[in-house]
Amino acid sequence: MNYHQINNQDHNALTLSTSEFAAQMKDLAEEGYTTITPDQLLDQFTFSCLYELYTD
């Protein structure tokens, strides 16, 4: 999932209210999903790319 903007002032297709965001995070957690940081994503992506380069 990717969120462009989370706030209670703007109302457009790319903005989610803080209460909607909290509800979505709660639902995901209840289903067993966890969040990761951008650094964790980058670390995994980098490892995967390097792994493919050296195992072909």
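Each value in this text was obtained by applying a stated rule to the coordinates, not by laboratory testing. For clarity, every value in this text was computed on a predicted model and none was experimentally measured. Here the Cβ is made from the backbone with ideal geometry for all residues, glycine too, and neighbour counts use every protein chain on show.
Starting from the Cα-Cα distance between GLU20 and THR46, subtract it from 0.36 nm times their residue separation and give me the gain in nm to one decimal.
Details: separation 26, 0.36 × 26 = 9.36 nm, distance 3.22 nm.
Fully extending the segment from GLU20 to THR46 adds 6.1 nm.
Helix-derived [θ] at 222 nm for the chain: sum -39500 (n - 2.57) over DSSP H runs of at least 4, divide by residue count, nearest 500?
-18000 deg cm²/dmol
List the chymotrypsin sites (Phe, Trp or Tyr not before Pro) within the chain that DSSP assigns to loop and that have no more than 12 neighbouring Cβ atoms inside 10 Å. Could you put the intermediate results ahead of the total?
Working: sites: TYR3, PHE21, TYR33, PHE45, PHE47, TYR51, TYR54; in loops: TYR3, TYR33.
Filter output for the chain: TYR3, TYR33.
Is the C-alpha gyration tensor of the chain telling us rounded, prolate or oblate? Criteria: a/c under 1.5 is rounded; beyond that, a/b larger than b/c is prolate, otherwise oblate.
Cα axes put the chain in the prolate bin.
For GLU30, GLU20, what's the fewest-to-most ordering of other Cβ within 10 Å of each Cβ?
In increasing order of surrounding Cβ atoms, one gets GLU30, GLU20.
Using Cα atoms only, what is the angle between the long axis of helix 38-55 and the major principal axis of the chain, expressed in degrees (0 to 90) to the nearest 10?
Roughly 30 degrees between the two axes.
Among TYR33, ASN2, LEU16, pick out the residue whose Cα is farthest towards the positive end of the charge dipole of the chain, where Lys and Arg carry +1 and Asp and Glu carry -1 on C-beta, about the Cα centre.
LEU16
For a quick check: with amide H placed at 1.01 Å from N, whose amide H comes under 5 Å from LEU16's, ignoring anything fewer than 5 positions away on the same chain?
Under 5 Å from the amide H of LEU16: GLN5, ILE6, ASN7.
Could you work out how far helix 18-30 tilts from the main Cα principal axis of the chain, as a 0 to 90 degree angle to the nearest 10?
50
For the chain, with only Lys/Arg (+1) and Asp/Glu (-1) charged at the beta-carbon, what is the dipole magnitude about the Cα centre, in debye rounded to 20? Walk me through the intermediate numbers first.
Numbers: 1 positive and 9 negative charges, 35 e Å.
The calculation lands at about 160 debye.
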